[in-house]
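One structure is given below, encoded as structure tokens.
The values are calculated or read from the model by the stated rules, or taken from the named source; none is laboratory data. Keep in mind it's a predicted model, so treat the numbers as computed, not measured. Backbone-built Cβ (ideal geometry, glycine too); neighbour counts: all protein chains shown. What goes into the accessible areas is simple: the full protein's heavy atoms, side chains included, and nothing from ligands, DNA or RNA. Shrake-Rupley method; radii C 1.70, N 1.55, O 1.52, S 1.80 Å.
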Amino acid sequence: QVQLVESGGGLVQAGGSLRLSCAASGSIFQLNTMAWYRQAPGKQREWVARITSGSSTIYANSVKGRFTISRDNAKNTLYLQMNSLKPEDTAVYFCNVVFSPLAWGQGTQVTVSS
């Protein structure tokens, strides 16, 4: 069974940085466009950034210029480098395949204090 396991979250002050990782099993990762999503308390899950199998990227306006998505196909791992964090970035962060989503993982909590 294919699994997605997110890690790297934590508590950080505004202006700080975190790097999230998403480990995915097997060939599902290497061939697919992947994305990071987030869900803040009381809000719907929203898309944050995505990357194609060829590493083309696109970002939500709210994170453009601050977040960088990347992938290591050899390690089946997706990353999200988050800089200049703001309190409004506080959320549980998830990764998934864009066009054929898998079951959601547990996510990783990011909390940004003001």
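Tabulated results
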{"item": "Candidate set from region 1-11 (those that are in a strand (DSSP E or B) and either open to solvent by 40 Å² or more (accessible area, probe 1.4 Å) or in contact with a His (Cβ under 7 Å, 6 or more places away or on another chain) (or both)); member that is farthest from Tyr79 (Cα to Cα)", "result": "Leu11"}
{"item": "Residue satisfying all of: in region 101-114; out of contact with any helix residue (DSSP H, G or I) (no Cβ under 8 Å at 6 or more places or on another chain) and in a loop (DSSP other than H, G, I, E, B); surrounded by the fewest Cβ atoms within 10 Å (Cβ to Cβ) among these", "result": "Ala103"}
{"item": "Residue match in region 85-98 (condition: in contact with a Ser or Thr (Cβ under 6 Å, 6 or more places away or on another chain) and without any contact (Cβ under 8 Å) to a residue 60 or more places away in the chain)", "result": "yes"}
{"item": "Single unsatisfied condition, Phe67 versus (1) within 14 Å of the chain's Cα centre (by Cα); (2) touching a residue at least 40 places away in the same chain (Cβ under 8 Å)", "result": "(2)"}
{"item": "The listed residue being at pLDDT 95 or above, basic (Lys, Arg), open to solvent by 80 Å² or more (accessible area, probe 1.4 Å) and within 11 Å of the chain's Cα centre (by Cα), out of Arg50, Arg45", "result": "Arg50"}
{"item": "Failed criterion for Ser55 (all others in (1) modelled with pLDDT under 95; (2) more than 12 Å from the chain's Cα centre (by Cα); (3) more than 14 Å from Tyr37 (Cα to Cα); (4) surrounded by 13 or more Cβ atoms within 10 Å (Cβ to Cβ) hold)", "result": "(4)"}
{"item": "Looking only at region 12-42, and only at residues there that are of a type in the set (A, V, I, L, M) and within 18 Å of Val63 (Cα to Cα), the one that is surrounded by the most Cβ atoms within 10 Å (Cβ to Cβ)", "result": "Leu20"}
{"item": "Candidate set from region 60-91 (those that are open to solvent by 40 Å² or more (accessible area, probe 1.4 Å) and assigned to a strand (DSSP E or B)); member that is modelled with the lowest pLDDT", "result": "Asp72"}
